[in-house]
Amino acid sequence: MTKELYYIVDQISREKAIPKEVVLKALQSALQSAARKRFGGKININLRIDPKSCEITVTEAKKVVETVSNSKEEISLSEAKKIKPDANIGDIIELPIQLEDFGRIAAQTAKQVILQRVREAEKDVIYNEYKDKKGTVVSGTVIRREKGNYYISLGRAEAILPVKETLPNENLKRGDLIKAYIIDVQNTSKGPIITLSRTVPEFVIALFKMEVPEIADGSVIIRNIVREPGERTKLAVFSSNPAIDPVGSCVGMKGTRVQAIVRELKGERIDIIPWTDDPRILIARALSPARVDRIGINEEEKTAMVIVPDDQLSVAIGKKGHNVRLAMKLTGWEIDIMSESEYSKIKAEQQGNEATE
């Protein structure tokens, strides 16, 4: 039995990636529970498993007394001295019990408790593995969709990707391989809950860290990032090293780095601009891909008037206003955009009014 038990402990430890001492502790607790049940629920039954040999010993603890009134829990001094010659009144004596009459019910109880404790230990292992991974990107496989959530297999762990945290019009199917950002890891009575997102700006930052070594090592810094998931992301990058082109580092040779991220984001547009402390230049760059003619700013109110060529007005505003809205978030400035012809018309009217006055 000792060799068989040693094999079982080793197998469970390897298959579940749980330390042997944890498995042994669960096994010892389970067998002790079964032993106490077998011997009429006596709580003074103790079971121990040697961690090296897996040898099991079962004992019955009894208190040494002058006169025995409860034979199930007490032993006389004279009887105690036969087992332990230096025994004294008040000592606890451990009496060995044979395991042969462990019944089928006791064995079944042990099995159930073992499985329960191993599941609990496995949950703890998974939680400990992922609790420090909050704020990182993981890869997984879609298992199913249920009650507004996708369930994603991360290997031994299962994570939740709420539908609201997926890209617009993204319809994931069973078996799809995806990347997602861990936004939360909670340890609950039902086990660890790992929550994922594909919509937060931090997801894009993490993807750039994975694709761009210069960002990962701190040579290139993302000063700010704004995003409307599924539509467009804008990020401003900076490097204090004049030998490093921050935009070129992010784009990669022939666009390979940024294209890998765009594919993961299902075609979401990404504008990468070099950061500058000059608000005029920053605003002009933030309105990329539109070309800007002139910019007037009010530094006290942090407002800007931007004049663009007529054919660039719709580009500067963007679909449903995405481009200008993101540019304002990126720069922190309120931006009004006007076409060249509209600006010329207003200017002409103003000059006409001044002439009549």
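The values are calculated or read from the model by the stated rules, or taken from the named source; none is laboratory data. Given the structure is predicted, the values throughout are model-derived calculations rather than measurements. Cβ sites come from the backbone with ideal geometry, for glycine too, and all protein chains shown count toward neighbours.
Counting only strands (runs of 3 or more DSSP E) that fall entirely inside the stretch 265-357 and contain at least 1 residues that are hydroxyl-bearing (Ser, Thr, Tyr), the qualifying elements are 303-308, 334-339.
Part of a loop (DSSP other than H, G, I, E, B) and surrounded by 14 or more Cβ atoms within 10 Å (Cβ to Cβ): does that describe Val64?
In short, no.
In the set (1) more than 25 Å from Arg119 (Cβ to Cβ); (2) touching a helix residue (DSSP H, G or I) at 6+ places or on another chain (Cβ under 8 Å); (3) surrounded by 16 or more Cβ atoms within 10 Å (Cβ to Cβ), Ile182 fails one condition alone, (1).
Can we say Lys131 is touching a Pro at 6+ places or on another chain (Cβ under 9 Å) and either modelled with pLDDT of 95 or more or not in a strand (DSSP E or B) (or both)? Criteria met by Lys131.
For beta carbons closer than 6 Å, sequence separation of 6+ or different chains, a first residue in the stretch 1-21 that is in contact (Cβ under 8 Å) with a residue 60 or more places away in the chain and a second that is of a type in the set (D, E, K, R), the qualifying pairs are Lys16/Glu122. One residue alone among Ile143, Ile205 is modelled with pLDDT of 95 or more and either closer than 21 Å to Gly267 by Cβ or part of a helix (DSSP H, G or I) (or both), and that residue is Ile205. Over 40 Å from the mean Cα position of the chain (by Cα) and among the hydrophobic types (A, V, I, L, M, F, W, C): does that describe Ile273? Criteria not met by Ile273. Can you find even one residue in the stretch 1-23 that is surrounded by fewer than 18 Cβ atoms within 10 Å (Cβ to Cβ), part of a helix (DSSP H, G or I), among the hydroxyl-bearing types (Ser, Thr, Tyr) and in contact with an Asp or Glu (Cβ under 7 Å, 6 or more places away or on another chain)? Yes: the stretch 1-23 contains one or more residues that are surrounded by fewer than 18 Cβ atoms within 10 Å (Cβ to Cβ), part of a helix (DSSP H, G or I), among the hydroxyl-bearing types (Ser, Thr, Tyr) and in contact with an Asp or Glu (Cβ under 7 Å, 6 or more places away or on another chain). Being at positive phi, among the basic types (Lys, Arg) and not assigned by TED's automatic domain parsing to the domain that holds Val163 holds for only one residue in Lys319, Lys266, and it is Lys266.
Scan the stretch 194-238 for residues that are among the acidic types (Asp, Glu) and closer than 20 Å to Trp333 by Cα and jot them down.
First pass over the stretch 194-238, keeping only residues among the acidic types (Asp, Glu): 202, 211, 214, 217, 228, 231.
Scanning the stretch 194-238 gives a single hit, Glu228.
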